[in-house]
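The values are calculated or read from the model by the stated rules, or taken from the named source; none is laboratory data. Please read these numbers as outputs of a predicted model, since none were measured by experiment. Using ideal geometry, Cβ is built from the backbone for each residue, glycine included, and neighbour counts are taken over all protein chains shown. The area values use the complete protein model at the heavy-atom level, side chains included, leaving out ligands, DNA and RNA. Shrake-Rupley method; radii C 1.70, N 1.55, O 1.52, S 1.80 Å.
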Amino acid sequence: MFKPRRYFASAATVKLRPYQESCLEACKNALQAGATRIGVSLPTGAGKTTVFISLLAQIPPPSRSPSTSRSLIIVNSIELARQAAAQAAAQFPQWRIEIEQGGKHKASGNADVTVATYQTLLQPQRLAKFHPGNLKAVIVDEAHHAAAPSYRRILAHFDPAIRSPDPTFQPLQLSRPIPIIGFSATFSRHDGLALGSVFQQIVYHCDFLEMIKEQWLCDVRFTSVKANIDLRNVTVNSRTGDFNATSLAHIINTDTVNNLIVQAWLDKARQRQSTLVFCVNIAHIRALTKAFQDFGVDARHLHSGTPAAERHALITAFKAGQYPVLVNCAILTEGADIPNIDCVIVARPTRSRNVFAQMIGRGMRQSPSTGKENCHIIDFVDSTNRVAGVVSTPTLFGLDPEELIDGKVHFRFMKVGLISYIDESVETLEARAQISSLHNEQVPVDSRDDIPDPTYITYVDYQNPFALVDGCSGAPHVTKLSANAWVGCGEDIYILECLGKGYIRVERISADEENPTHYRATFTEATMHMPSAKAFKVSPFMRKRLIMTAETLRDTIRGCDTYAVQKVLRGSLALGLLRTAKWRKASASDNQKNFIHQRRVKRALDQDAAAATLQNITKGEAANIITRLKHGAKAYYEKKARETKKESQLAEKERRRKEREIVQVGPLVVHGP
């Protein structure tokens, strides 16, 4: 006859910490107020398991029947299942405790507490053992996973208010809701799935920085390694907002970067006894482990494909301090109870605050018995800060990594260029953050007379081709350079129409290896009127010819003005080029209005962007618009409008992604699947 495994231990008195007591009170108050699906956010090392087991002991059964005093704890790995079962047995040896997992652990469903992996509960016959009517509570560990379809498929069994992704699911008719209580160190999701679809509210939250300051977690030392690591071409997952592992590995998993990581450890942490390293993927694990070994360091690795027995042996030996460096990828991000870790290397850049916090949280447990005084966190940032949104030690405190270059920086030359080590503690980083905040709040009033001259200027052109602007249409800065009616067409292109004789074009030429940035001017002469050219189906213009090149726009515009009055329109005819020419103030002709109207309708541009109606437009304003339309301003405007819209959408998406990573006590928004 099958006998389910039971866990026993000698009685152990557990003295809860003050914040743990506060957390229990918050949970009980919420349940008494009628909430049935609540969340608790506690950082790694805060004793979540102790808290939720203590909570189970304080939740009364709904009736006097012994069958309603049972509890279910849902975890996501066999390691967490064993840890929770052992902790429950240590705190309450009188309880009957079983594990439901795989083929080796089959619970009866009648124990006081059953710890089950969610993978096993996805099997209907295993889930059926746990009828909601026989339970007083369900605990979900690592509850940030709870919004995933797999978890909702299970949790809908206990509360019909949670929508199952299975369209054929038939919810049970329950006389009472079963309290579902989620615990997580990172009670948020970076992929947009709404935790509000499972939990009603977060009732307690404590950040790991608060825990460090209050000395409930070990002290921490930070080193950010600044090196030439260019992440600009790394693709980003559109769902999670984090880097795609394969793309990231192309940049990070190289001999140069791996040697940099090992050298950083040798420079800053070789005296550490237990270093945990986080990599990008399995190939990176193997390559970085070999890099450590090539430097004579006893490094070992584990990953998702490591057999369970080998994984257990590796972790046991690591806990015992038998080797100094354990390299992994994602496996030990959650649920790893290895208090002796005194150094964490984040060798995989991330845009997720949650992932970063989970990685560094592995080293924050206190372990006085091993002589651990603090944990050294080493992360890597791009020396030129080329990619926005990358989470690092400084960004946890709201600081720009670029602000941390000071006397504490130590330099080393390597193949990736000059690298620098920035060593900080929690106290110094917080002090910097406070100073930065004060500076941001102040409005500087600078009366100094030693302000240096600007080293460069930026021209901002009006981009809407239908905009009616004063002065030099679309190029207000050129107004100071010329009295003529130059028209800006975007992308540093300027046109001077020469009253039917042709046009002068000035454009900016980007720098290359041989030539610095400069401006080039050309003249395109008209040979016949446009109607005649259309009739003969020929171009009305001759081939353009070069007028001049110059280093500055000022010199180019002035040279072109001279060319116009000396070579194109001599004598009094040149007066027609002026912005103040009399003909420009007259009402626009019907032909001008028709041309503009047809282009506006055809291109379907924003009507609000057109500054005036065609009825009141002047010949000069119409000429400006037509010039811009003929010389590419319309296409440039539409391109810029699309780019601006895309940038705005990406910025909003990034804002929402970061907002999701902010955890606070209160109701959760219900949206998503």
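Couple of notes before you dig in:
- Single residue of the stretch 156-167 satisfying the filter (in contact with a helix residue (DSSP H, G or I) (Cβ under 6 Å, 6 or more places away or on another chain) and within 22 Å of I202 (Cβ to Cβ)) that is surrounded by the fewest Cβ atoms within 10 Å (Cβ to Cβ): I162
- Every residue from the stretch 642-668 that is small (G, A, S) and modelled with pLDDT of 70 or more: S648, A651
Yes/no per residue for (1) modelled with pLDDT under 90; (2) out of contact with any strand residue (DSSP E or B) (no Cβ under 8 Å at 6 or more places or on another chain); (3) at negative phi:
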{"site": "P18", "(1), (2), (3)": "no, yes, yes"}
{"site": "A35", "(1), (2), (3)": "no, no, yes"}
{"site": "S69", "(1), (2), (3)": "yes, no, yes"}
{"site": "A89", "(1), (2), (3)": "no, no, yes"}
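Residues checked against (1) closer than 19 Å to V565 by Cα; (2) open to solvent by 80 Å² or more (accessible area, probe 1.4 Å); (3) within 43 Å of the chain's Cα centre (by Cα):
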site	(1), (2), (3)
E491	no, yes, yes
D512	no, yes, yes
A521	yes, no, no
S539	no, no, no
R545	yes, yes, no
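- Residues in the stretch 313-354 that are assigned to a helix (DSSP H, G or I), more than 15 Å from F278 (Cβ to Cβ) and open to solvent by less than 20 Å² (accessible area, probe 1.4 Å): A317 only.
- Residue match in the stretch 122-129 (condition: farther than 23 Å from A30 by Cα, of a type outside the set (G, A, S) and in contact with a Gly (Cβ under 6 Å, 6 or more places away or on another chain)): yes
- Number of residues in the stretch 281-312 that are acidic (D, E) and in a helix (DSSP H, G or I): the value is 2.
- Breaking point among (1) in contact with a Lys or Arg (Cβ under 7 Å, 6 or more places away or on another chain); (2) at pLDDT 90 or above, for I547: (1)
- Taken together, the residues in the stretch 552-581 that are without any contact (Cβ under 8 Å) to a residue 12 or more places away in the chain and among the basic types (K, R) amount to 1.
Here's the yes/no breakdown for (1) open to solvent by less than 10 Å² (accessible area, probe 1.4 Å); (2) under 31 Å from the mean Cα position of the chain (by Cα):
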| site | (1), (2) |
| --- | --- |
| S67 | no, no |
| I73 | yes, no |
| N76 | no, yes |
| A86 | no, no |
| F92 | no, no |
| Q125 | no, no |
| I139 | yes, yes |
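- Flag if L266 is assigned to a helix (DSSP H, G or I) and out of contact with any strand residue (DSSP E or B) (no Cβ under 9 Å at 6 or more places or on another chain): yes
- Lone qualifier among A46, A81, A111 - being open to solvent by less than 30 Å² (accessible area, probe 1.4 Å), more than 24 Å from H144 (Cβ to Cβ), among the aliphatic types (A, V, I, L, M) and at pLDDT below 95: A111
- Residue within the stretch 146-155 that is open to solvent by 20 Å² or more (accessible area, probe 1.4 Å), in contact with a Ser or Thr (Cβ under 6 Å, 6 or more places away or on another chain) and more than 17 Å from I78 (Cα to Cα) present: yes
- Taken over the stretch 287-314, the criterion of being closer than 28 Å to D141 by Cα and under 31 Å from the mean Cα position of the chain (by Cα) is satisfied by H301, L302, H303, S304, G305, T306.
- In the stretch 237-278, the residues that are surrounded by 20 or more Cβ atoms within 10 Å (Cβ to Cβ) and farther than 19 Å from T289 by Cβ: G241, D242, F243
- Boolean, A357 is open to solvent by 30 Å² or more (accessible area, probe 1.4 Å), modelled with pLDDT under 90 and small (G, A, S): no
- Inside the stretch 207-224, residues that are open to solvent by less than 10 Å² (accessible area, probe 1.4 Å) and within 25 Å of the chain's Cα centre (by Cα) make up a count of 5.
- Condition broken by S392, with the remaining ones in (1) of a type in the set (S, T, Y); (2) modelled with pLDDT of 80 or more; (3) under 24 Å from E142 (Cα atoms) satisfied: (2)
- Scan of the stretch 176-218 for residues that are assigned to a loop (DSSP other than H, G, I, E, B), over 18 Å from T44 (Cα atoms) and at pLDDT 80 or above, ordered by number: R176, P177, I178, P179, V198, F199, Q200
- Matching entry among K639, K602, K619 (being open to solvent by 30 Å² or more (accessible area, probe 1.4 Å), on the phi < 0 side of the Ramachandran plot and at pLDDT 75 or above): K619
- Subset of the stretch 320-348 that is over 33 Å from the mean Cα position of the chain (by Cα) and not hydroxyl-bearing (S, T, Y) - its residue that is farthest from M364 (Cα to Cα): Q322
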